[in-house]
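Chemist: Just passing along the structure, written as structure tokens.
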Amino acid sequence: MKIWDKGFDNAPQVDAFTVGKDRELDLLLAPYDIEGTLAHITMLKEVGLLAADDFALLRPALEALHQEALEGKFVITGEDVHSEVEARLGPLGKKVHTGRSRNDQVALDIKLFTRARLKGTLEKVSQLFNLLLARADELKDVLMPGYTHLQVAMPSSFGLWFSAYAEALCDDVVFLKAAWEVNDRNPLGSAAGYGSSAPLDRRRTTELLGFGSLAVNSIYAQMGRGRCERQVAFAYASLAETLGKLATDCCLFTSQNFGFVKLPDAYTTGSSIMPQKKNPDVFELVRAHCNRLQGIPNDIRLVTGNLPSGYARDMQVLKELYLPLFDELDSCLDMLLFALPGMEVNRSLMENPLYQQAFCVEEVNRLVQEGVPFRDAYREVGKKVQKGAFHFEGKLHHTHVGSINNLCLDEIRARFEACFS
């Protein structure tokens, strides 16, 4: 039976279309829906809307269902997770919906789900940050060419390259923490967007569920749907941009034309026709997933951008766009955490005459320090390059903050850790 049943049957085509993918996607929300129901009935008991005897029976039943959901054994046979939980509670299940709507239930479920997944992603980002800094420190003295316009430009180093992506994660964490704050507001008790005449204690459920604050206005608690998901998706898109760019570099650097880095054979894939191939598919797929993830905020906006302030069923489509993004992004993090430690670098890379011209600016600056005006030094070195006579044998003197010989890894680490203080 549907929880909105009013004694008549609707067309099967309507059932199928309106349920959509809820039975499948709501399995992701099941533990959180049950957590929300536990908090709600605790509050109902405390305000006198649920008898203590009923609560004593409902609580262990819900805890058992919660464990079932955590173990992946929870099955939805009804319309959605909300109706399934009520049905599984038997006759007492009819009492757990007092003061609630499916609107605030699903808003709550998504926020609890998001909070858990954000926490997991932040932990993986911390692992990746530590890995990047460790590799930067390990390889800080190993030079590589830097490129502009995909042309050899100036000397870089593997330490500079790895730590660049570590610092990029600092900014990504700022967005993830902002997404956490937007998400960390309890919508429960807003019902269908206009509150309830039942004497609910919304601050109590906020406390019980561990939210940092309350979505105060009941209309805005519902308007926040789509808006909250979009902000979280923006944060994940920012992170995806960083991971995708890192993956692109790795794809280039592993090619024979570059030969900067090498993956262990077991980390590569082959070709069905070319026996020599060792393809960096892992990085190519990370790039593809991350490119796709960057479009999700706009997909969400296209669903919700012109909706009025009250609830509309359009919101249901958000789950199809939103819920899968966490697994997709986390899988990319997992693959980078797996592949980057085993990636070998070419330590003799800059001995190749192909990269001699990367040192042109070093020679210009050497002449400047001897008193030659910069423009004159620039032209002198340029003429040597044109004649094929340029050769550099000096040492690099990059001492300023954030340069090859002064990576300031401690400052980057302090910036990252400040995001969590």
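Chemist: Provide the gained length on full extension for the span Asn406 to Ala56, in nm with one decimal, where the gain is 0.36 nm per separating residue minus the Cα-Cα distance.
Modeler: On the way: separation 350, 0.36 × 350 = 126.00 nm, distance 6.37 nm.
So the extension gain works out to 119.6 nm.
Chemist: Sticking with this one: Length gain on complete extension for the stretch Ala153 to Arg313, per 0.36 nm per residue less the alpha carbon to alpha carbon distance?
Modeler: 52.2 nm
Chemist: Moving to a separate point now. For the chain, find the longest principal axis of its Cα atoms and tell me its angle to the long axis of helix 325-339, 0 to 90°, nearest 10.
Modeler: 40 degrees
Chemist: On to the next question. Say each of Val361 and Ala116 gets a label point 7 Å from the Cα, pointing the same way as Cα to Cβ; how far apart are those two points in nm?
Modeler: 4.9 nm
Chemist: Continuing with this model, one more query. Hey, of (1) 0.94; (2) 1.06; (3) 1.30, which did the structure itself give for Cα Rg over 2.2 N^0.38 Å when calculated?
Modeler: Read-out taken from this structure: (3).
Chemist: Using a Förster radius of 22 Å, what is the FRET efficiency between Thr399 and Thr248 based on their Cβ-Cβ separation? Nearest 0.05, please.
Modeler: Values: r = 30 Å, r/R0 = 1.38.
So, using R0 = 22 Å, E works out to roughly 0.15.
Chemist: Let me ask something else. Provide the net charge surrounding Gly193, with neighbours chosen by a C-beta distance below 13 Å and charges set as Lys +1, Arg +1, Asp -1, Glu -1. Before the final figure, lay out the partial values.
Modeler: On the way: positive: Arg100, Arg102, Arg225; negative: Asp104.
Cβ neighbours under 13 Å give a net charge of +2.
Chemist: For Ser156, enumerate residues with amide H under 5 Å from its amide H, sequence gap 5+ or separate chain, H modeled in the peptide plane.
Modeler: Hits under the 5 Å cutoff: Met144, Gly146.
Chemist: OK, next. What Kirkwood hydrodynamic radius, in Å, does region 66-108 give when the mean of 1/r is taken over all pairs of distinct Cα atoms and then inverted? Numbers along the way, then the final one.
Modeler: Working: mean 1/r = 0.0890 Å⁻¹.
Kirkwood radius, region 66-108: 11.2 Å.
Chemist: Would you kindly work out the equivalent ellipsoid of region 266-421 from its C-alpha gyration tensor and give its semi-axes, the square roots of five times the eigenvalues, largest first in whole Å?
Modeler: On the way: eigenvalues 451, 131, 69 Å².
After scaling each eigenvalue by five and taking roots: 47, 26, 19 Å.
Chemist: Right, something else. State to the nearest 20 debye the size of the charge dipole of the chain about its Cα centre, where the only charges are +1 on K and R beta carbons and -1 on D and E beta carbons. Mind dumping the intermediate values first?
Modeler: On the way: 46 positive and 55 negative charges, 155 e Å.
So the dipole magnitude of the chain works out to roughly 740 debye.
Chemist: Calculate the all-directions average of the projected area of region 215-278's alpha-carbon convex hull, and give it in nm². Kindly include the intermediate steps, with their values, before the conclusion.
Modeler: Values: hull surface 29.2 nm².
Computing the convex hull of the Cα atoms and averaging its projections yields 7.3 nm².
Chemist: While we're on this one: Whole number in Å², please: accessible area per residue of region 99-189, 1.4 Å probe, ligands, DNA and RNA not counted. Present the calculation step by step, with values, prior to reporting the outcome.
Modeler: On the way: 3200 Å² over 91 residues.
Per-residue value: 35 Å².
Chemist: Can you give the FRET efficiency to the nearest 0.05 for Lys387 and Arg292, using r as the Cβ-Cβ distance and R₀ = 51 Å? Could the numbers behind the result be given before it?
Modeler: On the way: r = 49 Å, r/R0 = 0.97.
About 0.55, to the nearest 0.05.
Chemist: Scan the chain and report its longest stretch carrying no trypsin sites (Lys or Arg not before Pro) that are both in a DSSP loop and have at most 10 other Cβ atoms within 10 Å. Display every interim value, and only then the final one.
Modeler: On the way: sites that count: Lys6, Lys73, Lys395.
The segment 74-394 is the longest one with no such site.
Chemist: How much net charge surrounds Ile412 when only the other residues with a Cβ under 14 Å from the Cβ of Ile412 are counted, with Lys and Arg +1 and Asp and Glu -1?
Modeler: Numbers: positive: Arg135, Lys140, Arg413, Arg415; negative: Asp137, Glu167, Asp171, Asp172, Asp410, Glu411, Glu417.
Summing Lys/Arg as +1 and Asp/Glu as -1 gives -3.
Chemist: Charges on Cβ only, +1 for Lys and Arg, -1 for Asp and Glu, centred on the Cα centroid of the chain; of Leu25, Leu143, Val75, which one is farthest towards the dipole's positive end?
Modeler: The residue sitting farthest along the positive end of the dipole is Leu143.
Chemist: Still on this structure: Given the -39500 (n - 2.57) contribution per DSSP H run of 4+ residues, what per-residue ellipticity at 222 nm results for the chain, rounded to the nearest 500 deg cm²/dmol?
Modeler: -19500 deg cm²/dmol
Chemist: Hey, another quick one. Would you kindly calculate the mean projected area, averaged across all directions, of the convex hull enclosing the Cα atoms of region 236-307, in square nanometres? Walk me through the numbers before you get to the answer.
Modeler: Working: hull surface 25.6 nm².
Projected over every direction and averaged, the Cα hull of region 236-307 covers 6.4 nm².
Chemist: Here is a further query. Output the 0 to 90 degree angle, nearest 10, between the alpha-carbon long axis of helix 158-183 and the longest principal axis computed from the alpha carbons of the chain.
Modeler: 20 degrees
Chemist: I would also like to ask the following. Would you mind getting the Kirkwood hydrodynamic radius of region 26-172 from its Cα pairs, rounded to one decimal in Å? Can you show the working numbers first?
Modeler: Values: mean 1/r = 0.0527 Å⁻¹.
That comes to 19.0 Å for region 26-172.
Chemist: Just the ratio, please: alpha-carbon radius of gyration of region 59-139 over 2.2 N^0.38 Å, N its number of residues. Walk me through the intermediate numbers first.
Modeler: Working: Rg = 19.4 Å, N = 81, 2.2 N^0.38 = 11.7 Å.
Normalised Rg, Cα atoms only: 1.66.
Chemist: Could I ask something else about it? Can you give the FRET efficiency for Arg375 and Glu284, using 1/(1 + (r/R0)^6), R0 = 51 Å, r = Cβ-Cβ distance, to the nearest 0.05?
Modeler: 0.70
Chemist: Per-residue HN-Hα couplings for region 44-54, Karplus 6.51 cos²θ - 1.76 cosθ + 1.60 at θ = phi - 60°, whole Hz, x for Gly and Pro?
Modeler: Per-residue couplings from phi come out as 4, 5, 5, 9, x, 9, 9, 5, 4, 5, 5 Hz.
Chemist: Here's something else I'd like to know. For the chain, give the percent of accessible area contributed by carbon and sulfur heavy atoms, probe 1.4 Å, rounded to a whole number.
Modeler: Numbers: 11240 of 21220 Å².
That fraction is 53 percent.
Chemist: With a 1.4 Å probe and all protein chains in place, put Glu123, Glu68, Glu167, Glu393 in order of accessible area, largest first.
Modeler: Working: Glu123 100, Glu68 45, Glu167 70, Glu393 155 Å².
Greatest to least solvent exposure: Glu393, Glu123, Glu167, Glu68.
Chemist: Could I have the simple spin-label model distance between Leu354 and Lys177, label points 7 Å from Cα toward Cβ, reported in nm to one decimal?
Modeler: Here the answer is 4.2 nm between the modelled labels.
Chemist: Further question: Under a point spin-label approximation (7 Å from Cα along Cα-to-Cβ), what is the Val368-Glu241 distance to one decimal in nm?
Modeler: Output for this residue pair reads 3.1 nm.
Chemist: What are the principal axis extents of the Cα atoms in region 118-277, in Å, biggest first?
Modeler: Projected onto the principal axes, the Cα atoms of region 118-277 cover 71, 40, 30 Å.
The values are calculated or read from the model by the stated rules, or taken from the named source; none is laboratory data. None of these values were measured; they are calculated from a predicted model. Every residue, glycine as well, gets a Cβ built from its backbone with ideal geometry; the counts of neighbours run over all protein chains shown. Heavy atoms of the whole protein, side chains included, go into the accessibility calculation; ligands, DNA and RNA do not. Shrake-Rupley method; radii C 1.70, N 1.55, O 1.52, S 1.80 Å.
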